[in-house]
1. Would you work out the relative contact order for the stretch 362-466, in percent, from Cα pairs under 8 angstrom that are 6 or more residues apart?
2. In whole Å, what three semi-axes, largest first, describe the equivalent ellipsoid of the stretch 1-134 built from its Cα gyration tensor (square root of 5 times each eigenvalue)?
3. Quick one: Cα centre-to-centre distance for the stretch 1-75 and the stretch 138-160, in angstrom?
4. Given Cα pairs under 8 Å that are at least 6 residues apart, what percent is the relative contact order of the chain?
5. Within the stretch 68-172, report the GluC sites (Glu not before Pro) that DSSP leaves as loop and that have at most 15 other Cβ atoms within 10 Å.
6. For the stretch 169-278, with equal point scatterers placed on the C-alpha atoms only and solvent neglected, what are the log10 I(q)/I(0) values from the Debye formula at q = 0.10, 0.12 1/Å, to two decimals?
7. With a cut-off of 8 Å between alpha carbons and a minimum separation of six or more residues, what is the relative contact order of the stretch 169-278 in percent?
8. Would you mind ranking Arg280, Arg158, Arg203, Arg469 by Cβ crowding within 10 Å, fewest neighbours first?
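Computed from the coordinates by the stated procedures, all read-outs in this text should not be read as laboratory data. Since the structure is predicted, the reported quantities are computational estimates derived from the model, not experimental observations. A quick note on method: Cβ atoms are made from the backbone with ideal geometry, for glycine too, and the neighbour counts reach across all protein chains shown.
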Amino acid sequence: MADYDVIVIGAGPGGYVAAIRCAQLGLKTACVEGWLGAGGKPALGGTCLNVGCIPSKALLDSSHHYEHISRHAKDHGISVQGVEMNVGVMQKRKDKVVQSLTLGIAGLFKKNKIDWLQGSGKLLGANEVEVNPTTSDGKKQTVRAGHIIIATGSVPARIPPAPVDQKTIVDSTGALAFDAVPGTLGVIGAGVIGLELGSVWRRLGAQVVVLEALDDFLPAADKTIADEAFKTLIKQGLDIRLGAKVTGTQARDGGVTVSYELKGEKQELTVEKLIVAVGRKPNTEGLNAAGVGLKLDARGFIEVDADCRTSLPNVYAIGDVVRGPMLAHKASEEGVAVAELIAGQHPHVNLDIVPWVIYTWPEIAWVGKSEQQLRAEGREIKTGSFPMMASGRAKAMNETGGVVKMIADARTDELLGVHIFAANASELIAEAVLAMNYGGSSEDIALTIHSHPTLAEAMHEAALAVSGRAIHF
Ligand code: FAD
Ligand code: NAD
């Protein structure tokens, strides 16, 4: 006799959303989660709420305020003297934001009658989970369910030349907890985390050098956008060194010296703090995958089919621990879909139109394929671009950097990719995702009335530009 219809392992945006959707569908649900947050207190929300999306954006916003007041307010005729920064207060605000959201998930669990089984989950079979508490007052228990959803997420990847001690050499979690602005900051990896957190600490006054192993900058982004973003970030003061192969690190009084090779030449960089942001890896530690025959792929992700079914009957896996982009909204969508599948519905997640956002400023956002990808596939395409310089609202805001680029099929006009580098690109991209979700064309956006004056008019103009009829450029 099973204790539950569904047991979810992991309460990040994949797991907690799956649990809530299961409960909404009338399934008796438990969620196993062993995360310990501030003060060693158990917390729900996973990477995203505790050490990912949310705390990074809380600091990001604080850093925007600081940069705006200290550097850009004068452009609006506002002079402010004696601007001071208190990193302690910034960090406390961030912690409060995190706490209110993680407590919110606990409240949602209660409301939906989901049992939170505090501890780390280990599979004993396709229907059985052993829960080992991560607090001293918890008790070990074994629970059974008709279905299991694994949502154990990911952890930062490591590289041997830069061992993380969370003091001088840190990963993203350490980089969100600095108690003062480092005078000099090194970042290994010019990916999403490197650029976001590098930008946060640069805005707050650090001199930031980013070492990136690849010769290309943001190869997954459309090249037009990546080139423009690279120029802008360099102008802002991020010193991004491409083709830099890190070979070692050496502790120095009050910092660390990083050795690296650039174009075959040995180089050194001494900084107060070093962030290692070289990607994340799926987290299957402690699950007992080998013991129960749960198949992993060559890179350590749990193997799943298009519906997130694993190699074990009635066991599903979602989010960062399976193939596809490591993004919170992708994890949540899979969580909803698996819950609905278990309840007998026929859901579908379209991984081709998962939007990406990189929270630099201006922001980078895209959905669908890049021009270089489509050309490599031999697709016949047409493109339309609109520079933010020509947007009335962007001018009024003093945010004229960037461009919107749309790519459509040359024959059918179906939208194949939309790429934005602009203020608020994270919000603007939603229109493109909706259009592509409905199989929309550039003409559909061109025929849609956009409010004036808004940044969204740049989407309209880029769509008009696909057929050579942009009005304002
Ligand atoms: P996770 O959020 O990693 O949650 C997994 C949970 O499972 C954890 O709570 C863990 O404790 C638990 N767990 C693991 N093993 C067990 C076990 N055996 N038993 C019980 N529990 C277990 N994505 C975005 O979309 N937008 C962003 O802006 C963004 N910013 C980010 C910023 C940073 C600094 C980082 C690090 C990540 C960011 N991400 C962002 C990525 C995002 O956080 C992840 O894609 C997302 O959290 C994945 O969700 P998940 O539910 O799959 O896993
Ligand atoms: P990433 O894959 O985005 O970037 C890692 C970068 O490090 C790459 O450019 C890679 O070439 C480089 N690199 C790898 N090894 C290196 C080495 N030895 N020396 C120098 N450079 C090296 O990974 P990330 O920035 O760590 O982020 C991990 C994931 O977390 C992201 O891919 C994303 O899925 C998620 N995330 C998303 C957001 C968001 O949605 N805004 C924010 C943060 C994190």
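1. Answer for the stretch 362-466 is 34 percent.
2. Those come to 41, 15, 10 Å.
3. 15 Å
4. On the way: 1017 pairs, mean separation 67.4, N = 473.
Relative contact order here is 14 percent.
5. Sparse-neighbourhood loop GluC sites (Glu not before Pro): Glu84.
6. With one equal scatterer per Cα and no solvent, log10 I(q)/I(0) is -0.26, -0.37.
7. Rounded, it is 35 percent for the stretch 169-278.
8. Taking fewest neighbouring Cβ atoms as first place, the list is Arg469, Arg158, Arg280, Arg203.
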